[in-house]
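For reference, the structure discussed in these notes is given below.
What follows draws every value from the coordinates through simple rules; no lab data is involved. None of the values given here were measured: they were computed from a predicted structure. As a convention, Cβ positions derive from the backbone with ideal geometry for all residues, glycine included, and neighbour counts pool all protein chains shown.
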Amino acid sequence: MIDYHLHVVAHGDRPMSVENILEYCEVAHGRGIRQMGITEHDRYLDEIDLAAFQEARERSHDVGLRLGIEIDFVPGAEERMDRDASALPYDYIIGSVHRVDGEEVDRAGDQRIYERYETYDLYEAYYANVRKAALSGRFEVLGHPDLIKIFRRFPDRDITPMLEETADAVAESGVVIDVNAAGLRKPVGEIYPARDFLEMFYRRGVPIILSSDAHAPEEVAMGYEKSLKLVHDVGYREVATFKDHERGSLPL
Ligand SMILES: [Zn+2]
Ligand SMILES: [Zn+2]
């Protein structure tokens, strides 16, 4: 099993020291994780300590370590995205949509964006960005593809066509979907993506990774009983892996 989207530095919470990385590895090992990918937010790029990562990778025998990065996808910020995505010898690049019109949609303390937009329009703008991110060719993985549901603010109208269109774009792009258990810890209380959305990806042959999006050691692989049941019920029998941008797979 793998946990391929998590944060050690998180939001500047702790340094990326060998000890801190190994603490994550220990929890991962205890929870049956064989490969763990560290994917800091790109705005904390300067806090990624490559030497510490490499030493931890050598010292971690039970858990294979990978280095990725989570790029905050913003149309118009191509220069920043390209710079961050090529700054270090990553194994893979996650592109995540956190914003509509440059503004974050997942800020617990400030949900005013949900007042300013009609909910359906906000969803349309969000998924338009998700399609752009997938088709941009910049990313190997698309992070938490339905983050917009985080606060349980759902449109009245059926969004199935917009999800289908998004799944089409993802399938066309060849990116891998992040099945991310962090939603279980948020008001929405469910995994990203929702089951019907994940089924759309499965029907189109889109591969997946599994992740906890941990921002602390105790969150590594958190929620995996539910993630494993979900992906298995939908039909998935393997997860994608990456090394030096080469995609492989592991059985579930
Ligand atoms: Zn994210
Ligand atoms: Zn993340």
Margin query: Exactly one of these conditions fails for VAL179: (1) buried (at least 17 other Cβ atoms within 10 Å of the Cβ); (2) touching a residue at least 60 places away in the same chain (Cβ under 8 Å). Give me its number.
Written below: (2)
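Can you confirm whether HIS232 is of a type outside the set (Ser, Thr, Tyr) and away from ligand 1 (no atom under 16 Å from the Cβ)?
So HIS232 passes the test.
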Next item on the list: Taking the residues in the range 213-252 that are within 19 Å of VAL175 (Cα to Cα) and of a type in the set (Gly, Ala, Ser) as candidates, determine which candidate is surrounded by the most Cβ atoms within 10 Å (Cβ to Cβ).
Entry: ALA240
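Which ones in the range 157-195 are in a helix (DSSP H, G or I), away from ligand 1 (no atom under 16 Å from the Cβ) and within 18 Å of the chain's Cα centre (by Cα)? I'd like the intermediate steps shown before the answer.
First pass over the range 157-195, keeping only residues in a helix (DSSP H, G or I): 160-173, 181-185, 195.
Those left that are additionally away from ligand 1 (no atom under 16 Å from the Cβ): 160-173, 195.
Those that are in a helix (DSSP H, G or I), away from ligand 1 (no atom under 16 Å from the Cβ) and within 18 Å of the chain's Cα centre (by Cα): LEU163, THR166, ALA167, ALA169, VAL170, ALA171, SER173, ARG195.
Considering only residues of the range 7-24 that are within 24 Å of ARG247 (Cα to Cα) and touching a helix residue (DSSP H, G or I) at 6+ places or on another chain (Cβ under 7 Å), which is nearest to ligand 1 (Cβ to nearest atom)? Quick ask: steps written out before the conclusion?
Quick first cut of the range 7-24, residues within 24 Å of ARG247 (Cα to Cα) only: 7-8, 21, 24.
If we keep only those that are touching a helix residue (DSSP H, G or I) at 6+ places or on another chain (Cβ under 7 Å) as well, we get 8, 21, 24.
On the way: VAL8: 15, ILE21: 20, TYR24: 17 Å.
Taking the candidates together, the pick is VAL8.
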Notebook entry, point to check: Which of the residues spanning the range 140-156 are buried (at least 24 other Cβ atoms within 10 Å of the Cβ), among the hydrophobic types (A, V, I, L, M, F, W, C) and outside any helix (DSSP H, G or I)?
Noted result: VAL141, LEU142
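Restricting attention to the range 93-121, which residues are among the β-branched types (Val, Ile, Thr) and away from ligand 2 (no atom under 16 Å from the Cβ)?
In the first step, residues of the range 93-121 are kept if they are among the β-branched types (Val, Ile, Thr); the result is 93-94, 97, 100, 105, 113, 119.
If the condition is that a residue be among the β-branched types (Val, Ile, Thr) and away from ligand 2 (no atom under 16 Å from the Cβ), then VAL100, ILE113, THR119 are the ones that fit.
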Notebook entry, point to check: Looking only at the range 30-39, which residues are buried (at least 18 other Cβ atoms within 10 Å of the Cβ) and not aliphatic (A, V, I, L, M)?
Noted result: GLN35, GLY37, THR39
Check: So which residues in the range 27-44 are in contact (Cβ under 8 Å) with a residue 40 or more places away in the chain and either among the acidic types (Asp, Glu) or more than 14 Å from ligand 2 (Cβ to nearest atom) (or both), if there are any at all?
Finding: VAL27, ALA28, ARG31, GLY32, ILE33, ARG34, GLN35, ASP42
Check: Scanning the range 54-76 for residues that are within 20 Å of the chain's Cα centre (by Cα) and more than 16 Å from ligand 2 (Cβ to nearest atom), which turns out surrounded by the most Cβ atoms within 10 Å (Cβ to Cβ)?
Finding: VAL63
